[in-house]
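A.B. asks: Here it is, the structure, as structure tokens.
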Amino acid sequence: MTAFQFKEPVRFDLSIIIVSFNTRDVLLDCLASIYAKTEGISYEVIVVDNASSDDSPFAISEAFPKVRLILNSMNSGLSFANNQGIRESSGKCVALLNPDTCLIENSFYKILRYLQEHPEFSIIGPGIIDESGRRSPTRLWEDSPYDAAWKILGLYNPNDELKKMGDMKAKEALVTSGSCFIICRELFEEIGLLDENYFLYNEEDDFCRRARKYEKRICFFPETSIQHLHGKSTHQSAHREKVIIETYKSNLYFYSKHYSFGWNIALRLLYRLIFLAGLIRSSFRHLTGSAMKGADDSLMLKLKLLFSL
């Protein structure tokens with residue numbers, strides 16, 4: 001990607017960009033937490049709606065008239081929509097925030113103050129806690145081909161990442177969580193926007209790798225935490241099939257971009273084996289009348305996945 005030129009001058013300390021697709025209720029909670037908890041900085045909130053059918057834009061404009069809304073006629077993916085928001089932003093820093101998150105304290109003030117004191121960092125991510133207040137695992141290192149293989153086989157345990165994260169203190173990382181991802185404006189101007197080939201997932205890992213190629217540094221900052229209600233925006237039953245397909249497509253693109261040819265062949269073969277096993281398992285469930293409703297036991301989806309590779 002080429003470098004990017006903002007059309008708007010800096011007017012705020014922070015631009016908060018949220019991409020929404022049928023997440024009205026959790027998004028309203030997210031916005032309420034932003035306005036209730038954020039103090040001591042100037043900021044704008046930009047919501048990019050990816051053709052929601054749950055009246056999200058109307059609810060937002062009614063409850064939060066200060067929010068800038070960008071309305072899309074179709075869902076072109078997370079990276080595309082985030083880039084729309086970034087293009088319209090005028091903050092010294094940009095926060096890419098998931099709609100299923102909530103601020104529990106004045107996190108953005110703490111993050112911007114830390115960045116001001118540590119200008120060596122261009123990307124920063126806070127700690128993440130779950131709905132129960134427990135710390136969530138955050139991968140701070142590159143996803144290796146071995147990790148990818150274990151994930152495909154269903155043998156990867158994210159909870160092991162908690163141990164690997166080490167001490168919960170501010171430190172340099174190779175990547176950080178995309179649920180709350182804060183980037184200095186100058187970094188976009190130097191390396192460009194998000195790669196829009198990622199419809200969903202992997203975009204933050206890809207962006208961090210690109211940043212490090214330009215010798216930019218990334219910080220994990222667990223001295224403040226954001227609550228993330230995992231899966232609220234991606235486990236909608238009506239759109240589950242598309243999420244599954246786009247996740248695999250995103251993974252394959254990521255592997256082809258960052259892993260060797262040999263690993264790409266190996267990972268694609270693993271996917272074929274898993275899809276074939278899934279097809280056989282779902283076929284048996286359909287024959288015995290025990291198949292689950294929805295995409296997870298869809299024979300058509302299993303066939304699509306098997307032959308799409």
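The values are calculated or read from the model by the stated rules, or taken from the named source; none is laboratory data. Since we're looking at a predicted model, the values are computed, not measured. For neighbour counting, all protein chains shown are included, and Cβ atoms are generated from backbone atoms with ideal geometry for every residue, glycine included. Quick note on the areas: whole protein, heavy atoms, side chains included, nothing else; ligands and nucleic acids left out. Shrake-Rupley method; radii C 1.70, N 1.55, O 1.52, S 1.80 Å.
A.B. asks: Helix 78-88 versus the longest principal axis of the chain: what is the Cα-based angle in degrees, 0 to 90, to the nearest 10?
C.D. replies: It works out to around 20 degrees.
A.B. asks: Which of Pro158, Pro65, Pro222 moves most in a GNM of the chain, Cα contacts under 10 Å?
C.D. replies: Highest fluctuation of the listed residues: Pro65.
A.B. asks: Find, among the GluC sites (Glu not before Pro) in the range 8-109, those assigned to loop by DSSP (not H, G, I, E, B) with at most 12 other beta-carbon atoms within 10 angstrom.
C.D. replies: Working: sites: Glu39, Glu44, Glu62, Glu88, Glu105; in loops: Glu39, Glu105.
Answer in residue order: Glu39.
A.B. asks: Could you run the Debye sum over the Cα atoms of the range 57-132, one equal point scatterer each and no solvent, and tell me log10 of I(q)/I(0) at q = 0.12 Å⁻¹, two decimals?
C.D. replies: -0.47
A.B. asks: Can I ask one more? How many percent of the accessible area of the range 76-127 is carbon or sulfur, using a 1.4 Å probe? Walk me through the intermediate numbers first.
C.D. replies: Values: 790 of 1600 Å².
Carbon and sulfur: 49 percent of the exposed surface of the range 76-127.
A.B. asks: Express the Stokes-Einstein translational diffusion coefficient of the range 1-103 in µm² s⁻¹, to the nearest whole number, given a Kirkwood radius over alpha-carbon pairs, 20 °C and a viscosity of 1.002 mPa s.
C.D. replies: 155
A.B. asks: Helix 240-258 versus the longest principal axis of the chain: what is the Cα-based angle in degrees, 0 to 90, to the nearest 10?
C.D. replies: 80
A.B. asks: Okay, next question. Give the accessible surface of the chain per residue, rounded to a whole number of Å², with probe radius 1.4 Å and ligands, DNA and RNA excluded. If you can, show how the numbers build up before the last one.
C.D. replies: Values: 14800 Å² over 309 residues.
I get 48 Å² per residue for this part.
A.B. asks: Then there is this: In degrees from 0 to 90, rounded to the nearest 10, what is the angle of the helix 261-288 Cα long axis to the longest principal axis of the chain?
C.D. replies: 60
A.B. asks: Using a 1.4 Å probe and ignoring any ligands, DNA or RNA, find the accessible area of Lys304 and quote it in Å² to the nearest 10.
C.D. replies: Accessible area, nearest 10 Å²: 100 Å².
A.B. asks: So which residue, out of Ala173, Ala149, Ala211, gets the largest mean-square fluctuation from a GNM of the chain using Cα contacts under 10 Å as springs?
C.D. replies: The residue with the greatest mean-square fluctuation here is Ala149.
A.B. asks: I've got another one for you. Under a Cβ-Cβ cut-off of 13 Å, what is the net charge of the residues other than Asp13 that fall near it, where Lys and Arg count +1 and Asp and Glu count -1?
C.D. replies: Working: positive: Arg11, Lys92, Lys110, Arg113, Arg185; negative: Glu39, Glu44.
Taking every Cβ under 13 Å from that of Asp13, the sum is +3.
A.B. asks: Taking the alpha-carbon centroid of each part, what is the distance from the range 239-309 to the range 141-182 in angstrom?
C.D. replies: When both Cα centres are located, 23 Å separates them.
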